[in-house]
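The values are calculated or read from the model by the stated rules, or taken from the named source; none is laboratory data. Values in this document were obtained by computation on a predicted structure and should not be read as measured data. With ideal geometry, Cβ positions are generated from the backbone for all residues, glycine too; neighbour counts draw on all protein chains shown.
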Amino acid sequence: MDDDTTENPSLRERLAPFGEEVTRETIAQHIRAACAMAGDLGGEDPRDIIEQIEAGLTREDILNEFRRGERPEK
């Protein structure tokens, strides 16, 4: 069995079959969402969030992870 897939293809690789215009627009949307989320989370650099989105995490996953980190220890 030939398997030419990578373990974690990038967002660009997954979108390539849809054409360059769709790829650019989708990536731009993800970057805008990451920037907005970084602002929501008090962050200044959205690169970590972009990587998490490309890895398949949803907005809710990322926010839940942030919320767990904010809880005061008892």
* May I ask you to list the residues in the stretch 28-74 that are of a type outside the set (Val, Ile, Thr), assigned to a loop (DSSP other than H, G, I, E, B) and at pLDDT 80 or above? => Ala55, Gly56, Leu57
* Asked: If you scan the stretch 51-67, which residues turn out to be loosely packed, with under 15 Cβ neighbours inside 10 Å and β-branched (Val, Ile, Thr)?
  -> Thr58
